Structure formats: structure tokens, C-alpha cells
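No value in this document is a laboratory result; all are computed from the given coordinates. If you're wondering where the values come from, they're calculated on a predicted model, not measured in any experiment. Because the Cβ atoms are built from the backbone with ideal geometry, glycine has one as well, and the counts that use them run over all protein chains shown.
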């Protein structure tokens, strides 16, 4: 697992620590374990979604529909709970994951079987899923008093003094870490994103791999949908509106390359935590929450500039530089690798 | 035009196929035109109020502002890039105009401020994409947050209003009878972008870059410069849309035009522009804009809520891309 913490992840962890130290310097209470634990719990849903988005982005795709998926599943489970309070909550969680995976499969199959670019598919499903919430709920809210107590209490239950909400992020992190590093399909995510042509010659079904990534991302979004609705004890059409951008921002800040093939689970975790710390620190340092959007925008741009430098490695560099109008002699050491660039 | 195509051509070149008549009869634009006429007829059947010229004139507000951006976005997408920050540029430009009003600026200054902020935002995107070679989708997701974020910092939960009366001309004025100022702007912008894309060497360069940036570069096209100009134009059009929208609403909130980027991209893709770059036409985008306007207006007359319309738009977006693919697959299966 030592390779998991790459140099970039270490730098990001350092930046995160600096950020926390900066806030703690003025407001020491912020760095107290309970307070930092609260920040982690508050970021849990973002972490879960970022892990799913990471797997999709690794395969050179993107899922813009995750927040709509979350909101639709959240509404469905909330309405189910309101209508049938006797239904055990764990069953609802399974239902949430299953519906989320189904919605993810819609994206995945359209990308795999029909060959529509992922950005178009998920742009479409983003609006469709969101619209469906209105259709099934008729624009009504499901409020706290309509949900059963068990439904609302589950994310707050503590095991070893850590709430289940935080545990679910930890478990998701561990599961995804094992999946992408220790299973064939997980490794295939990197292969498909790194070089789809080479992946096909290596016997990997690129379309199927992408579809699997979408299904897993959908399942995680569905799970997060239950967590969101239960935590905030309300479900309506606009919950998590615009959250898809936060998720992508977390991934970009975490060093996951939008061009595919590059990224770590630790990066996704740190990226999500980075945004979570900013969000929770702003009220502490008495900055208006209206600053949050601009700050995360600036963080994305800085992270992208940073990523671009990190991604310029031999083998990739040739096309990039040529596109920018710099004539370069191909060094002998990378000539063999340049074949990939020339055939693209 | 009449160079015969070799039988074993690897793929159809955009302008080297059959004669223009055969091509235009089976083109995407013709299909869109048929769809537009069909929707028009359905609307006529569905509501007796549809054909009223003033109603139709009002209906154009549904798409004119978005379409102005869509024309520039179409060129950007043909060149293989995308700008998701356009709605946020509107918010920032509108906020800047509102700020200028508080300082006592008159209408000409307001328009300059709106267009200027749009240009600046476009230049910022263009700089990051063309100069630093960053992926435009991530850059513009970043600036999407950044630009609207600045608007939120300036405005918070407040709103700017008190625009001068003469400023209302852009979004509420009529040139002649039911012809609005926005319609005229829409037509002029469509014409300008149509000429730019289809009749100039700059337009040819845009297609070349979208089809193969490396080949375009080695053909002597200054790829980064072309891309930079495209981002500038997109920013400028977002600025123009901001002028029109602000003038029409008469006030500025930081949440102005939220989600428009998706509708603009949908318009472009519906217009037959390949999201991966390299092909698409301006007339197609014009027709797509009108179709989306007609659909929105028709649903509105039938009291369908806006969010249900968005389901339809989402389905339309996926269907228009999926159907040709599935159709082609069906044809190749038969062979």
C-alpha cells in the first residue's frame, strides 16, 4: 500500500494540514479532535461520491448525474419510508443502493452499447433524474415528521464513538481502495483510461469496464442519497442541486486526471476533505459563506494547473508539446513510447 | 464539390460527398426543420392562443439569449473545446452592470461593462486552455464556480436594481410591430457567426482543429490563437446575453441564469454539432434554438411545469444522438 500515497497525495495532505493549521492558529478550537471529526463526518457524503466519480473519471468518462441520482434515490426511499414506516431501514439502504446502481447502469449502457459521449449522456440524465423527482413527488416535500425515527437515526448511531455516517465513508474508502488496486476489474479502470487502444489489445473490454464504473458510481450515489435524506431529515426536488460540481471539484483537487488513467483513492479522499475543511472553516474564521463558491472555483483552477505539470511525463509529453507549437526533438529514451502518441 | 469520392473512402469527408441537393435533402438540418414544423403544427392544435403574433413574439424570449451564446459555443465545440462557465459569466457581467448602476453609469457605459466583463472572462478561460494547455471541461467547471462565486461575494443575498429606463430597450424593446430588439440581435449574431464559421478561413481552421489538432498545427494553423479567439467570442456572447437578460429582468441576483450552460450545450448538440468536435453547422443550431423555444412555449401554454419540460429536453438530447447511431447500426446489420 506504500505506492498508494504518491508524492502528489503527500503534497495535498501537507496543504490540507497547513490549511487546518492556519485556521487553528487563530481559532484553536477548530483543531480539536471532536471538531475535526465533525468536519470528516460532514464531508462523508462528498467522500463517498468522489470515490465513485474517481472510478468513472479514471476510465476517461465523467458522471454529471451523480447529484441528481442522489436526490432521486433520496426521494424514493423517503417516500417509501413515509408510506411504509414498518419497512426495516437496512432494507431501504439496500433498495437505495440497488436503485442507484440501476440509474448508473442507464448511464453506463448508453455509453457502452450506444456509444454516446459520457458528458452528453450524463448531462441528459442529470436533467431527467431531477425532473423525475418532481414527477414522483408532485413537487411536495417529505418532512422530518413523515419519516420514521429509525430512518433518521441510522446515520447518527455511533460505533466506537464514530457516527455511522463517517463509518460509511471509511468503509467505502477501504472497499474502493481494495477494488482499484487488488482486483482485475479495478486495474482495468486504469488501463482503459491510460490507453484505451492498448487496453483492448490486452484483452480488456473497454466499454464493459466503463459501464461497471458507472454502475458502481451510481450505487454509491444511491447510498449517499439515503444518507443525505436521513441526515438532513428532508427530501425535496432540489436537494444536492449543483453538488455534482463539488464532486468533480473534489476529484480534480485530489489530482485525478480528467484525461483518465491517473488518480488515487487517497487523492479523492483528500480532495473531498479539502473542500470539507474550507466549507467548515469559513464560518469559524467569520467569512461569509458566500465566499465558498469562489474559493472552490479558485481551488479547482489551481489544482488543474498543478495536475497538468504532474501529468507531463515522457510518453505523454510529445503530443501535448506538439499541440502547443513547440517543435521538439524526441529523446532517444522515449522514442519507443511515442508510438502511442502518433497513432492517436 | 464534384470531386468523385473513392469507393473505399475510410469515412465521409464533410464537404466532399454527393451534390448539394441530395445532401441537403437528407441532412440533419432538414430533419430539424421537419421537427420544428411538426412541433409548430402540434402547438397550433393544442392551444388556440399559440398563433397570436404577440404570443409568438413573447415565446422568442425563451431562446434568443441562450441562442446567442449557443452560436459561439457551437464554434467552440466544433473546435473540440467546451465552455461550461457561460451562465456564470452572465451572472458576473450582470453583477458588474448592477455595480456600475450604483455608481451612476448610463446605458452606453452599462452595455460596455457587460460586454467587457464577458470578454475578460472569456480571455481568462482562453488563457488557461490555449496558453497553458489545460482541459477546457475542467477549467470551465472551475471558472463556473469562480465567476458566479465572485457574483455571490459582491451581492450575497442582495439584488441590484434601478437600471435606467433607456437600458430596458435591449430586453423589452420592439424594433417594429412584434419584432423585438432581441430577435434582431439574434438574427444579426446568427448571421455573423454563420459567415464566420462557413465562409472564412478562420471557420475552416476551426473545423480543421476539431478534426485533428495535430494535423491542423502542422498545416500552419495557429491552434492556440484560434482557440483563444473562440473563448473570447463565447465570453463576448455571454456578455451580450447578460445585457439582454438583465435589461429584460430589470434586476440582478447572483443566481441569475443558473443552469443555462446545460441548456446552451443541449441546443448546440441538438443542432447536430458533434460533441467530440469536427462537425456541425450554424443553421442547425439556429433550428435547434427555435425548436427548444417552441417546445418550451408549447408546454407552457399547456401548463406543464418547467421541470417536466427539462425531462423532455434531457430525453431529446440523448435521443437525437442515440437514434442516428442506432439507425446506422440497423442499416449495417441489414447489409
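Top mean-square fluctuation among A:275, A:157, A:126, Gaussian network model of chain A, C-alpha springs under 10 Å? Result for chain A, Cα springs under 10 Å: A:157 fluctuates most. Averaging Cα coordinates gives a centre for region B:77-104 and one for region B:256-297; these two points are 19 Å apart. Using the average count of surrounding beta-carbon atoms within 10 Å as a protection proxy, the listed peptides B:188-197, B:78-87, A:188-197, B:102-111 rank, highest first, as B:78-87, A:188-197, B:188-197, B:102-111. Between residue B:191 and residue A:144, the FRET efficiency estimated from the beta carbon spacing at R0 = 41 angstrom works out to 0.15. Across B:28, B:177, B:54, mean-square fluctuation computed from a Gaussian network of chain B (C-alpha pairs under 10 Å connected) peaks at B:177.
Kindly put B:58, B:157 in sequence by how many other C-beta atoms sit within 10 Å of each C-beta, fewest to most.
B:157, B:58
Taking the centroid of alpha carbons for each part, region A:68-119 and region A:183-259 are 14 Å apart.
With R₀ fixed at 35 Å, the C-beta to C-beta distance from residue A:29 to residue B:112 puts the FRET efficiency at about 0.10.
Relative to the longest principal axis of the Cα atoms of chain A, the long axis of helix A:291-311 makes an angle of roughly 30 degrees. Helix content alone sets the calculated 222 nm mean residue ellipticity of chain B: runs of n ≥ 4 DSSP H residues at -39500 (n - 2.57) each, divided across all residues, give -22500 deg cm²/dmol.
The long axis of helix A:243-253 is offset from the longest Cα principal axis of chain A by roughly 40 degrees. Extending 7 Å from the Cα toward the beta-carbon at both residue B:166 and residue B:132 defines two label points whose distance is 4.1 nm.
For a Förster distance of 51 Å, can you work out the FRET efficiency between the beta-carbons of residue B:204 and residue B:102, rounded to the nearest 0.05? Present the calculation step by step, with values, prior to reporting the outcome.
Details: r = 46 Å, r/R0 = 0.89.
It comes to 0.65.
As a footprinting exposure proxy, order A:25, A:291 by other Cβ within 10 Å, with the fewest listed first. Can you show the working numbers first?
On the way: A:25 10, A:291 16.
Ranking A:25, A:291 by Cβ neighbours within 10 Å, fewest first, gives A:25, A:291.
Decide, for the protein assembly as shown, between rounded, prolate and oblate: order the square roots of the alpha carbon gyration tensor eigenvalues as a ≥ b ≥ c, take rounded if a/c falls under 1.5, and otherwise choose prolate if a/b is larger than b/c, else oblate. Intermediate results must be reported in sequence, preceding the final value.
Values: a/c = 1.39, a/b = 1.18, b/c = 1.18.
Verdict is rounded for the protein assembly as shown.
Counting beta carbons within 10 Å around each of B:198, A:145 and listing the fewest first gives the order A:145, B:198. Springs between Cα atoms under 10 Å define the GNM used for chain B, and in it the highest mean-square fluctuation of B:113, B:35, B:325 occurs at B:325.
Rounded, prolate or oblate: which fits region A:2-311, taking a ≥ b ≥ c as square roots of the Cα gyration tensor eigenvalues, rounded meaning a/c under 1.5, else prolate when a/b beats b/c? The partial results should precede the final answer.
Numbers: a/c = 1.64, a/b = 1.05, b/c = 1.56.
Because a/c hits 1.5 or more and a/b fails to exceed b/c, region A:2-311 counts as oblate.
Relative protection proxy for B:223-233, A:171-181, from highest mean packing down: B:223-233, A:171-181 (other beta-carbon atoms within 10 angstrom).
For peptide A:132-140, the mean count of partner chain Cβ atoms within 10 Å of a residue's Cβ comes to 2.
Hey, got the average number of other protein chain Cβ atoms within 10 angstrom for residues in A:222-228?
Working: counts 0, 0, 0, 0, 0, 0, 0.
That works out to 0 on average.
Take each residue of peptide A:288-295, count the partner chain Cβ atoms within 10 Å of its Cβ, and average: the result is 6.
Between residue B:57 and residue A:288, the simple spin-label model (points 7 angstrom out along Cα→Cβ) gives 4.0 nm.
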